[in-house]
Amino acid sequence: MQDDSTAAAAVQWTEDGRPASARWRSEAGNPPPKRVIAADDTLTADAAHRLASEGTAMLWRGDYQNARQLLQALGRRIDRPKKGARPAAPATLTEAFHRHRMAQAQRARILGMVLVPVDGDYRIPLRRAPEVRLALEEAWGAPDGQPAAVALREVLGLIGAHEWRKNGVDIPALGAKIHPHYGVFSPVRGEYVDLVAKAPLPGAPAQLAAFDIGTGTGVLAAVLARRGIGRIVATDFDERALACARDNLQRLGHAHKVVLQRADLFPDGRAGLVVCNPPWLPGKPSAALEHAIYDPDSRMLRGFLAGLAAHLAPGGEGWLILSDLAEHLGLRTREQLLGWIADAGLAVAGRIDTRPRHGKAADRDDPLHAARAAEVTSLWRLTVR
């Protein structure tokens, strides 16, 4: 959902000698740009890069496809090494990580300075603009009749999310597809799903009750249902995630097996199996999708561990699915994790490990390649001490 601080904000500019304004929309919660000018196909990429770098946004009035090409040209200029600039190599992977995030934020800020108008019926009034109403409705809800200005980069993200939702993501462990909604993290990293599909259950499936904490798309709840578990409660605090999980479970024929509940972590009661795949990196998310990657102060991870014992049935297990990428980046130590487990009155009954299969693990040009290449994703089997 759009951040409340930007919901009523507006952008203002002068066009044809007259003051103009429009509602500002930003799914990332970015504040409206302070300086805005009208721009069209006569604007060069070099001039656009200079304006954006100085903090001036450009509300596009030309051809939509030309605006897309301008955005691509800006990206190339941002990524091009500066002449004579040879920054010192980072001393540690932690420093490399923080540099990488800062560079990403700067890149996003500059690219976010190309704006497009959106009419009150979710039509983009530009030449050769695509039909985007359905994609915008999926993210924003029904049109409210108010024209708006939106970063083109965000519009492209909404269109991409619509395609993900329409086409779905193949999940071999389900023999089916999961369809992620906008703002709900897509299960493109199938190794963690495979861990849940193959780990030995702590009891006969039909007699087992399970909780799926932070269900997201519902993919792990669907895997548990496919394994024959008798009763499943899946929780999430995000209404978008609950709607997404409901849609996927219905598509897969598992809706009658899973109770969806809005909760911050645990539902009431106890279960013989409690599964959680929290965000893997401690840090502040900067966009909606990053909530599935960054966990400020490891709040969800520590909350899950601290509350697990009180929600496990006798003889039950908690399955924590977690990458050790944070350890390789120096953001968390293994000793910290084991300390949180011990402090929660838990013991490690076993651990199942897998290596990542995503492309970045083999990309030597990635600034975090050394950490990604060493990464291991684990399913920690936790019991009450």
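The values are calculated or read from the model by the stated rules, or taken from the named source; none is laboratory data. Quick caveat, the model's predicted, so the values are computed rather than measured. Neighbour counts run over all protein chains shown; Cβ positions are idealised from the backbone, glycine included.
Only one of 65, 69 is surrounded by fewer than 15 Cβ atoms within 10 Å (Cβ to Cβ) and either free of Cβ contacts under 8 Å to residues at least 40 places away in the same chain or among the aliphatic types (A, V, I, L, M) (or both). Can you tell me which?
Answer to the check: 69.
To keep it simple, each residue is scored yes or no on (1) touching a Pro at 6+ places or on another chain (Cβ under 8 Å); (2) charged (D, E, K, R).
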{"site": "302", "(1), (2)": "no, yes"}
{"site": "305", "(1), (2)": "no, no"}
{"site": "313", "(1), (2)": "no, no"}
{"site": "331", "(1), (2)": "yes, no"}
{"site": "371", "(1), (2)": "no, no"}
{"site": "374", "(1), (2)": "no, no"}
{"site": "380", "(1), (2)": "no, no"}
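Using the structure shown, decide if residue 218 is without any contact (Cβ under 8 Å) to a residue 60 or more places away in the chain and assigned by TED's automatic domain parsing to the domain that holds residue 30. Before the answer, list the steps.
Working: without any contact (Cβ under 8 Å) to a residue 60 or more places away in the chain: yes; assigned by TED's automatic domain parsing to the domain that holds residue 30: no.
Taking the combined requirement at face value, the residue does not satisfy it.
Within segment 259-289, which residues are at positive phi and of a type in the set (A, V, I, L, M)?
265
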Flag for residue 216 being in a loop (DSSP other than H, G, I, E, B), under 22 Å from residue 177 (Cα atoms) and out of contact with any strand residue (DSSP E or B) (no Cβ under 7 Å at 6 or more places or on another chain): no
Filtered residues of segment 1-52 (kept if in a helix (DSSP H, G or I) and modelled with pLDDT of 95 or more): 45, 46, 47, 48, 49, 50, 51, 52
Test: residue in segment 114-127 that is among the acidic types (Asp, Glu), part of a loop (DSSP other than H, G, I, E, B) and either assigned by TED's automatic domain parsing to the domain that holds residue 140 or in contact with a His (Cβ under 6 Å, 6 or more places away or on another chain) (or both): yes
So residue 168, is it at pLDDT 95 or above and surrounded by fewer than 19 Cβ atoms within 10 Å (Cβ to Cβ): yes
Where residue 177 falls short, out of the listed (1) part of a helix (DSSP H, G or I); (2) over 30 Å from residue 59 (Cβ atoms); (3) not small (Gly, Ala, Ser): (1)
Output for segment 128-154, where each listed residue is assigned to a loop (DSSP other than H, G, I, E, B), of a type outside the set (Val, Ile, Thr) and within 21 Å of residue 166 (Cα to Cα): 129, 130, 131, 141, 142, 143
Where a residue in segment 138-163 is under 26 Å from residue 69 (Cα atoms) and its partner, wherever it lies, is basic (Lys, Arg) and surrounded by fewer than 20 Cβ atoms within 10 Å (Cβ to Cβ), with Cβ under 7 Å and at least six apart: 147/23; 148/23
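This table checks each residue for (1) more than 19 Å from residue 320 (Cα to Cα); (2) at pLDDT 95 or above; (3) not in a helix (DSSP H, G or I).
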residue	(1), (2), (3)
195	no, yes, no
201	no, yes, yes
212	no, yes, yes
229	no, yes, yes
232	no, yes, yes
251	yes, yes, no
261	yes, yes, yes
265	no, yes, yes
Only listed residue being hydrophobic (A, V, I, L, M, F, W, C), in the same structural domain as residue 378 (by TED's automatic domain parsing) and surrounded by fewer than 18 Cβ atoms within 10 Å (Cβ to Cβ), chosen from 195, 201: 201
Residue count for segment 171-182, restricted to those that are surrounded by fewer than 21 Cβ atoms within 10 Å (Cβ to Cβ) and under 18 Å from the mean Cα position of the chain (by Cα): 1
Scope segment 91-103; condition free of Cβ contacts under 8 Å to residues at least 24 places away in the same chain, loosely packed, with under 15 Cβ neighbours inside 10 Å and of a type outside the set (A, V, I, L, M, F, W, C); matching residues: 95
Yes/no for residue 256 being in a helix (DSSP H, G or I), on the phi < 0 side of the Ramachandran plot and touching a Pro at 6+ places or on another chain (Cβ under 6 Å): no
Candidates 141, 216 - the one that is within 21 Å of the chain's Cα centre (by Cα) and farther than 30 Å from residue 317 by Cα: 141
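Listed here are the residues, each with its yes/no results for (1) closer than 30 Å to residue 27 by Cβ; (2) assigned by TED's automatic domain parsing to the domain that holds residue 375; (3) in contact with a strand residue (DSSP E or B) (Cβ under 8 Å, 6 or more places away or on another chain).
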| position | (1), (2), (3) |
| --- | --- |
| 282 | yes, yes, yes |
| 285 | yes, yes, yes |
| 291 | yes, yes, no |
| 296 | yes, yes, no |
| 307 | no, yes, no |
| 313 | no, yes, yes |
| 323 | yes, yes, yes |
| 327 | no, yes, no |
